[in-house]
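Below is one structure, written out as structure tokens; comments come after it.
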Amino acid sequence: PQRTYIFTFLLSSRVFIHPHELLAKVGQICIKQKQQLETGTEAEKAKLKSFAAKIIQLLKEWTETFPYDFQDEKSMKELKEIAHRITQCDEENGTVKKIISQMTQNLLMALSARSQYQEIREKFRQPVTDKGTILKAKPQSTQKDILSICCDPLILAQQLTYIELERVSNIYPEDLMQIVSHMDSLDNHKCRGDVTKTYNLEAYDNWFNCLSMLVATEICRVVKKKQRTRMVEFFIDVARECFNIGNFNSMMAIISGMNLSPVARLKKTWSKVKTAKFDVLEHHMDPSSNFCNYRTALQGAAQRSQAANSNREKIVIPVFNLFIKDIYFLHKIHTNRLPNGQINFKKFWEISRQIHDFLTWKQVECPFEKDKKIQSYLLTAPIYSEEALFIASFESEGPENHMEKDSWKTLR
């Protein structure tokens, strides 16, 4: 079958059967075919060689696309046994041996890289509120702000894109498939939900929240209105540059940060901001009609990416939580099986198409050079808690109405 079919099949099969069980079935087919075709006639031998080549193709695509399926001993043992049988089918052909040993080597390298990343993840995995030091009150004005580190919106947007692509590269198709597997509590014993935790998805989601809170913190902690206005306008420009690059996730995080109540209530500051650019951004991210405007922009970026010659034009980073929701709704709306008991392949074909698009985008090499100073600030600068944001906001512009006065009283 075509690669797209194999990808869809291997991706969706895990909802119904554990990968090592599926591999065992492939192993059984190998034994059967080998017994049937081992009669020794030339025609049978040729058939056996052709069969071996197809099994090698399947294993090669499986180990490249879903290396994590082979992390348990059962799968690895099964893979070795199949490889051994296949080599016997075509013993005089040295190429088969070579391909299999290269495939095994690549697989072991991929598994080792992933487990190293997992260990790093374990060490740094923290909820958003623990990031940096949470400040209950305003820090001294001597503390650095983002503008003292980088005052060019384009450069900051490029560094955000660098971070996004780095995070996205550690999300794998089977991580995304857990959205479907996790929801089926009945099938939970069959799926991999209990084996692989969704660290990578959580880490990426945390990054979005951190960026939103960082934007709000940077704005709220500026004491002078004129400088605060400049900070708001700076982030509007950064979000616009992210949009132009095709980095919709950072753009959405920045807009979300600016729409948080402590920032949105700063009316005197907003009255000085040239909001025309912000209105355009809000229009792109308007949630009405299921984010119709954003989806049009995403489609445009995807088309540009397909026709692109440079990595710079290939960048597409979708709003991740919308992407996840789309897969979830596809899963909820359509049943896994048809009324006749057969698997609803059309549903899984559509889910795998979306995941395949995501995988294509995540493989883009970042064309921007890493700026350690800027990235260090973005990833480690202190973030205010929601409470501290409101305190800073009320200190900048006093409470306007009874509700705000009550909040301010409680906070103090």
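Annotations
- Element breakdown for the range 3-122 at a 1.4 angstrom probe: carbon and sulfur atoms account for 55% of the accessible area.
- Cα-based equivalent ellipsoid, the range 260-338: semi-axes from gyration tensor eigenvalues, Å: 31, 22, 10
- Unsatisfied cross-links (Cα-Cα over 24 Å) in the set 49/74; 224/274; 34/98: 49/74
- Taken about its Cα centre, the range 200-242 carries a charge dipole of about 520 debye when Lys and Arg each add +1 at the Cβ and Asp and Glu each add -1 at the Cβ.
- Trypsin sites (Lys or Arg not before Pro) lying in DSSP loop within the range 238-278, provided at most 11 other Cβ fall within 10 Å: 274
- Rg to Rh, two decimals, where the range 3-122 supplies the alpha carbon set and Rh follows Kirkwood: 1.01
- Projecting the Cα positions of 100, 53, 300 onto the charge dipole of the chain (unit charges on Cβ atoms of Lys, Arg, Asp and Glu, taken about the Cα centre) puts 300 furthest along the positive direction.
- Residue-normalised accessible area of the range 3-122, given per residue in Å² at a 1.4 Å probe: 55
- Neighbour-limited loop hits for GluC sites (Glu not before Pro), the range 24-120 (at most 15 other Cβ within 10 Å; DSSP other than H, G, I, E, B): 38, 91, 92
- Ligands, DNA and RNA left out, the 1.4 Å accessible surface of the range 330-391 is 52% carbon and sulfur atoms.
- Dipole magnitude of the range 3-122, debye to nearest 20 (Cβ charges: Lys/Arg +1, Asp/Glu -1, about Cα centre): 220
- Candidates 153, 339, 173: whichever shows maximal mean-square fluctuation once the chain is modelled as a Gaussian network with Cα springs under 10 Å: 339
- Shape of the range 204-277, Cα gyration tensor, a/c cut at 1.5: oblate
- Extreme residue, positive dipole direction of the range 3-122, given options 30, 5, 68 (C-beta unit charges): 5
- Solvent exposure of the range 218-350 amounts to 51 Å² per residue of accessible area, where only protein heavy atoms count and the probe is 1.4 Å.
- Checked against a 22 Å cut-off, the cross-linked pairs 314/372; 144/226; 77/362; 54/97 give Cα-Cα distances beyond that limit for 314/372; 77/362.
- Note on residue 312: accessible area approximately 90 square angstrom, rounded to 10, probe 1.4 Å, nucleic acids and ligands left out.
- Here the chain is assigned +1 on the Cβ of each Lys and Arg and -1 on the Cβ of each Asp and Glu. Its dipole about the Cα centre then comes out at about 580 debye.
- Reachable aspartates and glutamates, given that their alpha-carbon falls under 13 Å from the alpha-carbon of residue 272 and they are not under 8 places away in the same chain: 233
- When all alpha carbon pairs of the chain are counted in 10 Å bins from zero, the resulting P(r) reads 4, 18, 25, 22, 15, 9, 4, 2, 1, 0 %.
The values are calculated or read from the model by the stated rules, or taken from the named source; none is laboratory data. Because the structure is a prediction, the values reported are computed rather than measured. Because the Cβ atoms are built from the backbone with ideal geometry, glycine has one as well, and the counts that use them run over all protein chains shown. SASA here: full protein model, heavy atoms, side chains in, ligands and nucleic acids out. Shrake-Rupley method; radii C 1.70, N 1.55, O 1.52, S 1.80 Å.
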